[in-house]
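Visitor: First, the structure itself, so that you have it in front of you.
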Amino acid sequence: MNCRVCGTEIAAKALICYKCGAATTDPVYQPPSDTRGGSGSSRASFIVTFVALVLLAIVAVVLARSSPSGAPPAVTYIVAGVAIVIVALRAYARRRQ
């Protein structure tokens, strides 16, 4: 059998060519094509995340100023929890890319 890249004669059961390193067969696993749009999609995702976090901060500030005694602790914890969930989901989505 000959290598289909460099033409060197190799063993019939060889998985790769010993000379050039080319695979002798097509890969079984084909990675999915990236249809998300590349870096533009990543940039848009970052902007959406940033805007969501800014809106959460604004809500926290408005709630704190609207109440004479400040924002109730439960509201503060809820806003902080939502912000943490948003950041965690963004990090998880980035790792999957």
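Visitor: Between a residue in region 1-14 that is more than 12 Å from Thr25 (Cα to Cα) and any residue that is polar (S, T, N, Q) and assigned to a strand (DSSP E or B), which pairs come within a Cβ distance under 6 Å, given they are 6 or more apart or on different chains?
Guide: Listed pairs, sorted by first residue: Glu9/Asn2.
Visitor: For region 44-78, name all the residues that are touching a Gly at 6+ places or on another chain (Cβ under 9 Å) and modelled with pLDDT of 75 or more. Lay out the reasoning, then the answer.
Guide: Of region 44-78, the ones touching a Gly at 6+ places or on another chain (Cβ under 9 Å) are 44, 63-64, 76.
The answer is Ala44, and nothing else.
The values are calculated or read from the model by the stated rules, or taken from the named source; none is laboratory data. What you see is a predicted model; the values in this text were computed from it and never measured. With ideal geometry, Cβ positions are generated from the backbone for all residues, glycine too; neighbour counts draw on all protein chains shown.
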